[in-house]
Amino acid sequence: MSAFLLSTAVIFVAELGDKSQLMAMTFAARYRARDVLIGITVATAIVHLASVGIGLAVGTAFADYQGVIAVVAGLAFLAFAVWTLRGDELTDEEADKARHSTGAAILAVGTAFFLAELGDKTMLATITLATREDWFGTWVGSTLGMVLADALAIGVGAVLGRTLPEKAVRYGAAVLFALFGLALVAEGAGWL
């Protein structure tokens with residue numbers, strides 16, 4: 001259960017202010033919110049299943065080095081904090097694809113999200129979590145965290161007609177990543 005809750009929280013925070021939220025709002029302006037959420041959920045479940053598979057393989061291969069894995073995971077989360085501070089913007093090309101997608105809404109959204117999430121910080125965070133946590137809880141939790149964050153963006157965008165306060169969200173998410181990263185480094189180094 002802790003893997004599920006941890007993954008949900010970490011990925012929800014990672015997704016705040018991410019370009020995927022902007023894509024979700026753009027798609028929701030064109031398609032029904034339900035179809036957008038289904039496409040996001042399917043794509044996220046597939047990408048995060050692959051992510052936990054990679055994380056599980058790494059965690060198993062280096063099972064005797066849990067302290068080292070904790071330090072490396074902590075450093076990765078510190079890098080995610082910096083990445084979050086740098087910001088993530090939807091390019092004009094990505095926004096144009098989201099606005100002018102043809103075909104079934106679920107397929108268009110799912111394909112766009114699948115491709116956008118490959119190598120994204122939420123994928124890398126899921127891999128990192130899966131090196132230490134239960135794979136199933138990490139998979140379900142990370143998928144839920146991302147879908148909740150994107151659903152929030154769609155809802156806020158629909159109600160307010162604008163995005164979340166980007167600067168505050170970015171700084172808050174970066175601080176949470178940094179705190180989590182420092183805790184992992186301290187644990188791996190034997191300081192906790």
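The values are calculated or read from the model by the stated rules, or taken from the named source; none is laboratory data. A quick note: this is a predicted structure, and the numbers were derived from the prediction, not measured. No Cβ is skipped: glycine too gets one built from the backbone with ideal geometry, and neighbour counts run over all protein chains shown. Keep in mind that these areas ignore ligands, DNA and RNA; they rest on the heavy atoms of the full protein, side chains included. Shrake-Rupley method; radii C 1.70, N 1.55, O 1.52, S 1.80 Å.
Yes/no matrix, rows are residues, columns are (1) open to solvent by less than 70 Å² (accessible area, probe 1.4 Å); (2) at pLDDT 85 or above:
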{"position": "ALA112", "(1), (2)": "yes, no"}
{"position": "LEU148", "(1), (2)": "no, yes"}
{"position": "ALA151", "(1), (2)": "yes, yes"}
{"position": "TYR171", "(1), (2)": "no, no"}
{"position": "LEU176", "(1), (2)": "no, no"}
{"position": "GLY181", "(1), (2)": "yes, no"}
{"position": "ALA186", "(1), (2)": "yes, yes"}
{"position": "ALA189", "(1), (2)": "yes, no"}
Is there any pair with a first residue in segment 153-177 that is in a helix (DSSP H, G or I) and a second that is loosely packed, with under 12 Cβ neighbours inside 10 Å and at pLDDT below 70 whose Cβ atoms are under 9 Å apart and which are 6 or more apart or on different chains, and what are they?
VAL156/ARG162
Subset of segment 40-68 [open to solvent by less than 10 Å² (accessible area, probe 1.4 Å), within 9 Å of ILE127 (Cα to Cα) and among the small types (Gly, Ala, Ser)]:
SER51, GLY55
Determine which single condition GLU133 fails, assuming it passes every other condition in (1) at pLDDT 80 or above; (2) buried (at least 20 other Cβ atoms within 10 Å of the Cβ); (3) in a helix (DSSP H, G or I).
(3)
Got a number for residues in segment 1-17 being open to solvent by 30 Å² or more (accessible area, probe 1.4 Å), modelled with pLDDT under 90 and either in a helix (DSSP H, G or I) or touching a strand residue (DSSP E or B) at 6+ places or on another chain (Cβ under 7 Å) (or both)?
0
Go through segment 18-39 and count every residue that is under 14 Å from ALA151 (Cα atoms) and either more than 16 Å from the chain's Cα centre (by Cα) or open to solvent by 30 Å² or more (accessible area, probe 1.4 Å) (or both).
15
